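J.: Take this structure first; my questions come after.
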Amino acid sequence: MKSQGILVGKRGAGKTLFCVQFAKFLGLRELEWWVERADGTTELKRMSLKDATAGLSDFENHTQHMQTVSLELRRRARRLQLVLTDTAGLCDGIPNDLEMRYAIAKTLNAMVNTETLFHLIDVQSFAHSPSNGNSVQSLDRALAAFGSTRKDYIILANKMDLPGAKKGYHMLKRAFPKQRVIPISSLTGMGFREVKHYVRQLA
Ligand SMILES: Nc1nc2c(ncn2[C@@H]2O[C@H](COP(=O)(O)OP(=O)(O)OP(=O)(O)O)[C@@H](O)[C@H]2O)c(=O)[nH]1
Ligand SMILES: [Mg+2]
């Protein structure tokens, strides 16, 4: 059985690292990214998980193109496939950079056409944002409102390994009381079991 999901969230929330580490957690040794170029062509990029993670230590390494990886899970004797798309991070307003604008448009289009939405939020920066009506949280609020129109929607509260994360997590739970939230760390793999459990019941 196959299900399709898309990872969305603000820039730097940890979407790409989550993809790579979750693939590793599921037993993959190599990543095959299907990368969608701006000209509409698709390129297959193969890389070791080590190489895939290496570029991410630089905070400025933003994802510019949608990239999709196919993951395999098992539920009893059955094989489940999750086709997971990592997207360019969203930001408030319209960026000046044309490529980023295009990437964001692609992300929004993919959101409309995908039934399962994984919404990553960096809990540490959530903890530091003012509580009401501010631009940072309003983007996450808009995503959550859109998410509730999807068949499956989940918030992954990321970066739980960082100082102040617990506070951010509790603020986030209060901000989105109706949504299911799984606390995770894409760096340490915390919470991945629960994510796997969630993915298993999608198909
Ligand atoms: N400590 C910690 N750092 C993390 C975690 N997840 C991601 N990071 C770091 O946060 C930075 C951004 O991670 P990315 O995975 O590139 O974030 P992204 O959401 O893909 O960013 P864009 O592609 O710009 O939208 C990198 O330096 C990661 O190593 C986490 O759970 N804990
Ligand atoms: Mg990225």
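J.: Condition (residue is modelled with pLDDT of 90 or more, closer than 28 Å to ALA142 by Cα and buried (at least 16 other Cβ atoms within 10 Å of the Cβ)) applied to segment 44-67: is it met by at least one residue?
T.: yes
J.: Exactly one of (1) of a type outside the set (A, V, I, L, M, F, W, C); (2) more than 11 Å from ligand 2 (Cβ to nearest atom); (3) in a strand (DSSP E or B); (4) in contact with a helix residue (DSSP H, G or I) (Cβ under 6 Å, 6 or more places away or on another chain) is unmet by GLY9. Its number?
T.: GLY9 satisfies every listed condition except (2).
J.: Hey, another quick one. So, in segment 1-44, exactly how many residues are within 15 Å of ligand 1 (Cβ to nearest atom) and charged (D, E, K, R)?
T.: Of the residues in that region, 5 qualify.
J.: Taking segment 20-41 as the region of interest, how many residues are farther than 14 Å from LEU73 by Cα and either more than 16 Å from ligand 2 (Cβ to nearest atom) or open to solvent by less than 70 Å² (accessible area, probe 1.4 Å) (or both)? Even if it seems obvious, please write down each step before you answer.
T.: Of the residues in segment 20-41, the ones farther than 14 Å from LEU73 by Cα are 20-21, 29-41.
Next, from what is left, pick out any that are either more than 16 Å from ligand 2 (Cβ to nearest atom) or open to solvent by less than 70 Å² (accessible area, probe 1.4 Å) (or both): 20-21, 29-33, 35-41.
Qualifying residue count, segment 20-41: 14.
J.: Among (1) open to solvent by 30 Å² or more (accessible area, probe 1.4 Å); (2) touching a helix residue (DSSP H, G or I) at 6+ places or on another chain (Cβ under 9 Å); (3) farther than 25 Å from LEU82 by Cα; (4) not β-branched (Val, Ile, Thr), where does ALA165 come up short?
T.: Going through the list (1) open to solvent by 30 Å² or more (accessible area, probe 1.4 Å); (2) touching a helix residue (DSSP H, G or I) at 6+ places or on another chain (Cβ under 9 Å); (3) farther than 25 Å from LEU82 by Cα; (4) not β-branched (Val, Ile, Thr), ALA165 breaks only (1).
J.: Next question. (1) exposed (fewer than 14 other Cβ atoms within 10 Å of the Cβ); (2) of a type outside the set (Phe, Trp, Tyr); (3) within 16 Å of ligand 1 (Cβ to nearest atom); (4) at pLDDT below 95: which one isn't true of THR188, the others all being true?
T.: (4)
J.: I've got another one for you. Against the conditions (1) touching a Ser or Thr at 6+ places or on another chain (Cβ under 6 Å); (2) under 23 Å from LEU172 (Cβ atoms), where does THR85 fall short? Just the number, please.
T.: (2)
J.: Just need a number here: residues in segment 143-182 that are over 21 Å from GLN124 (Cβ atoms) and in a helix (DSSP H, G or I).
T.: Qualifying residue count, segment 143-182: 3.
J.: Step by step: first the residues of segment 107-128, then only those that are more than 22 Å from MET190 (Cβ to Cβ) and surrounded by fewer than 17 Cβ atoms within 10 Å (Cβ to Cβ), then the one that is farthest from ligand 2 (Cβ to nearest atom). Which residue is that?
T.: Only one residue fits best here, namely GLU115.
The values are calculated or read from the model by the stated rules, or taken from the named source; none is laboratory data. What you see is a predicted model, and the numbers here were worked out from it, not measured in a lab. Heads up, the Cβs are rebuilt from the backbone with ideal geometry, glycines too, and the neighbour counts pull from every protein chain shown. To get the accessible areas, we keep the full protein, side chains included, count just its heavy atoms, and leave off ligands, DNA and RNA. Shrake-Rupley method; radii C 1.70, N 1.55, O 1.52, S 1.80 Å.
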